[in-house]
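Below is one structure, written out as structure tokens, with a few remarks after it.
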Amino acid sequence: MTDPDINSNTSTGLLRSIRFARRGGKVFGLVLILGGLLFFLRGAGESSFGSFRAIYSIFYGGLLCLPFARFPAGSWKISFIAVCLFSAAHVFVLVVAVMYQYIELAEMGERLGVPGLEGSLVFLSLLQPPTLLFERHPDFLD
């Protein structure tokens, strides 16, 4: 026998966690936008990959800041697919960035340490699609 209070408390806690994760996704989007803008403001637009990464971060961050909960069903599906694709592509952009850092340091005879920032960004990128899905369809948690 299950206690109805346990299920109620569990679902309330999960919904609260999803709202918290969604707010974190919006903050993550703002950080990506600011990071991309700072890249250009510092005049570091010399490398083509760096410029691409900054522009991509601005677009991806803007996408994450959209109010997905207010979208109608058809628009939500299209935007959810876009977030899934942009999140996966952001992971690949981060992997390529780490590879470029490795190559640059190898040419100078140094070794790359653990890419902690990029690893955290990968985690945050991959957290966005399930957060949006469960925000829209909390019944999928059961």
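Scanning the range 105-125 for residues that are touching a helix residue (DSSP H, G or I) at 6+ places or on another chain (Cβ under 6 Å) and within 22 Å of residue 15 (Cβ to Cβ) gives a single hit, 124. With respect to residue 121, is the statement that it is of a type outside the set (S, T, N, Q), touching a residue at least 12 places away in the same chain (Cβ under 8 Å) and open to solvent by less than 60 Å² (accessible area, probe 1.4 Å) true? For residue 121, the condition - of a type outside the set (S, T, N, Q), touching a residue at least 12 places away in the same chain (Cβ under 8 Å) and open to solvent by less than 60 Å² (accessible area, probe 1.4 Å) - is met. Here residue 102 clears all of (1) in a loop (DSSP other than H, G, I, E, B); (2) over 30 Å from residue 14 (Cα atoms) except the condition numbered (1). When we screen 79, 51, 87 for residues that are open to solvent by less than 40 Å² (accessible area, probe 1.4 Å), under 17 Å from residue 137 (Cβ atoms) and without any contact (Cβ under 8 Å) to a residue 60 or more places away in the chain, the only hit is 79. You will find that of 112, 66, 126, 41, the residue that is in contact with a Phe, Trp or Tyr (Cβ under 7 Å, 6 or more places away or on another chain) and either at positive phi or open to solvent by 40 Å² or more (accessible area, probe 1.4 Å) (or both) is 112 and no other. State yes or no: is residue 133 under 27 Å from residue 23 (Cα atoms), in a helix (DSSP H, G or I), open to solvent by 50 Å² or more (accessible area, probe 1.4 Å) and not charged (D, E, K, R)? Judged against the criteria, residue 133 is not a match. For the residues 50, 109, 74, the requirement of being in a loop (DSSP other than H, G, I, E, B) and more than 14 Å from residue 28 (Cα to Cα) singles out 109. Residue pairs whose Cβ atoms lie under 7 Å apart, separated by 6 or more positions or on different chains, with the first residue in the range 97-118 and farther than 14 Å from residue 50 by Cα and the second among the polar types (S, T, N, Q) and in a helix (DSSP H, G or I), are 112/101.
The values are calculated or read from the model by the stated rules, or taken from the named source; none is laboratory data. This one's a predicted model, so the numbers in the text were calculated from it and none came from an experiment. No Cβ is skipped: glycine too gets one built from the backbone with ideal geometry, and neighbour counts run over all protein chains shown. Surface areas here come from the heavy atoms of the whole protein model, side chains and all, with no ligands, DNA or RNA. Shrake-Rupley method; radii C 1.70, N 1.55, O 1.52, S 1.80 Å.
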